[in-house]
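Report on the structure given below.
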Amino acid sequence: MFSGKTEELIRRLKRAQFAKQKVEIFKPGIDVRYDDEDVVSHDKNAIPSSPVSASTSILLLADQCEVVGIDEAQFFDDELPNVCNQLANRGIRVIVAGLDMDFKGIPFGPIPKLLAMAEYVTKVHAICVRCGNLAQYSHRTSSEESLILLGQTDKYEPICRKCYVKATNIKV
């Protein structure tokens, strides 16, 4: 979290729109943190999107597209890699943004399969709020235990491995 994933997705999709390509953007219907429909970055940059409850809906809605953007991919079902593969096989450029690990440091949802299937991967990092190093963990600061918990700085902080090990008391 807070690494600029959504910001980068929006940047790439707006460039495609500027190039007059037909672009569709999708997000999971459960993500209503900033807006019910738009994809919005933490910096408040936004782009119109279509919220969907199942990844297979993307196949129907992206029929005439040249570029498809998918935000918060970790919240989609396990069919998402197959959906992305089908779109790519149709010649559609697919750009996906999502967290690779959950708050426990475990690979998150369909992301591992997406990473394995992708032609290109750009991994962005936040800055550790505790020491200033690159952060690869989304440390949950609240006591909720459910896997999916939408939140921002009220529930998560980006931290590096060293600070994560210290914060979670992992035995080394």
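Taken together, the values in this text are just the output of simple stated rules run on the coordinates, not laboratory data. This structure is a prediction, so every number in the text was calculated from the model and none was measured. Cβ coordinates were reconstructed from backbone atoms using ideal geometry, including for glycine residues, and neighbour counts include every protein chain displayed.
For this structure, a couple of remarks:
- Based on the convex hull around the alpha carbon atoms, segment 50-118 presents an average projected area of 4.3 nm².
- Largest-first principal axis extents, alpha carbons of segment 89-172, Å: 46, 27, 25
- Under 5 Å, built H, 5+ apart or other chain: amide partners of M101: F108
- For the chain, DSSP calls about 45 percent of its internal beta bridges antiparallel.
- When you filter the chymotrypsin sites (Phe, Trp or Tyr not before Pro) in segment 89-123 for DSSP loop state and at most 16 other Cβ atoms inside 10 Å of their Cβ, you are left with Y120.
- Geometric extent, Cα atoms of the chain - Rg, Dmax (angstrom): 16.3, 53
- Calculated from the alpha-carbon coordinates, segment 1-46 shows an Rg and a Dmax of 11.0, 31 Å respectively.
- Helix 5-18 vs. the chain, principal-axis angle (Cα, 0 to 90°, nearest 10): 20 degrees
- Between segment 138-172 and segment 20-40, the Cα center-to-center distance that results, in Å: 26 Å
- Distant-in-sequence amide contacts of V96, defined by a placed amide H-H separation under 5 Å and a gap of 5 or more residues or a different chain, comprise I70.
- For the chain, calculated [θ]222 nm from helices alone, where every DSSP H run of n ≥ 4 adds -39500 (n - 2.57): -7500 deg cm²/dmol
- DSSP bridge orientation in segment 18-82 - percent antiparallel, rounded to nearest 5: 20 percent
- Helix axis angle, 80-89 relative to the chain longest principal axis, alpha carbon, degrees: 40 degrees
- Ellipsoid semi-axes in whole angstrom, largest first, where each is sqrt(5λ) of the Cα gyration tensor of segment 127-168: 18, 11, 8
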